[in-house]
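See structure below.
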Amino acid sequence: MKFLLLLTAFIPVLFGFSESIYSFSAPFEQRIVDDQNKTITYHGHVWAKRPDKALWKYTDPIEKNVYVHGKRVIVVEPDLEQVIIKKINNDIDLFTLIASAKPIGNETYEANYSDQLFTIRLKQGIIEQIRYLDPFENRVILTFTDQEQNKEIDDDKFFAHIPNTYDIIKD
């Protein structure tokens with residue numbers, strides 16, 4: 001869960017390279033590789049909108065929706081019929097942090113957040129991949145395809161629809 005919260009805190013990286021970008025959406029693959037080279041791969045779709053809204057919709061191998069509204073994260077897990085509501089501490093202005101990311105190669109940047117190093121790879125100016133080590137020292141590789149920038153995304157997309165039969169856990 002910690003890597004997921006760190007990832008959701010890092011959502012604004014999708015916008016940091018250009019102040020003119022106001023939305024981003026893309027299918028994604030998230031690979032998590034442990035120190036034994038055991039890999040877990042997730043698939044889904046992400047939608048993000050300035051200033052602070054995002055939805056990570058995981059579809060495979062499990063269904064999970066992670067809604068981000070500023071400093072609040074709502075994780076809806078249909079298989080478990082539960083919802084986790086958590087506040088994240090975001091003491092760093094991520095837009096400023098990412099805007100100051102340093103280029104380390106052709107369309108490759110590095111940024112620091114919460115004592116972790118993130119490597120961001122662009123393709124023709126659009127984010128293609130983000131790599132980092134999670135708090136458990138797992139390598140996390142997020143790869144985006146069919147990216148869309150600056151397409152209108154209705155705010156309703158970021159509203160968590162929670163069945164009243166689900167358990168709600170506030171953290």
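The values are calculated or read from the model by the stated rules, or taken from the named source; none is laboratory data. Given the structure is predicted, the values throughout are model-derived calculations rather than measurements. Cβ sites come from the backbone with ideal geometry, for glycine too, and all protein chains shown count toward neighbours.
For segment 88-96, indicate whether the set of residues that are farther than 26 Å from D35 by Cα, without any contact (Cβ under 8 Å) to a residue 40 or more places away in the chain, of a type outside the set (D, E) and surrounded by 12 or more Cβ atoms within 10 Å (Cβ to Cβ) is non-empty.
yes
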*When you go through I85, I153, I162 one by one, which is the residue that is assigned to a loop (DSSP other than H, G, I, E, B), modelled with pLDDT of 90 or more and surrounded by 16 or more Cβ atoms within 10 Å (Cβ to Cβ)?*
I153
*What residue, of P27, P135, P51, is within 21 Å of D155 (Cα to Cα) and not in a strand (DSSP E or B)?*
P51
*E110 passes all but one of (1) touching a residue at least 12 places away in the same chain (Cβ under 8 Å); (2) charged (D, E, K, R); (3) surrounded by fewer than 16 Cβ atoms within 10 Å (Cβ to Cβ); which number fails?*
(1)
*Check whether at least one residue in segment 116-139 is surrounded by fewer than 13 Cβ atoms within 10 Å (Cβ to Cβ), within 24 Å of D34 (Cα to Cα) and either modelled with pLDDT of 90 or more or hydroxyl-bearing (S, T, Y) (or both), and report yes or no.*
yes
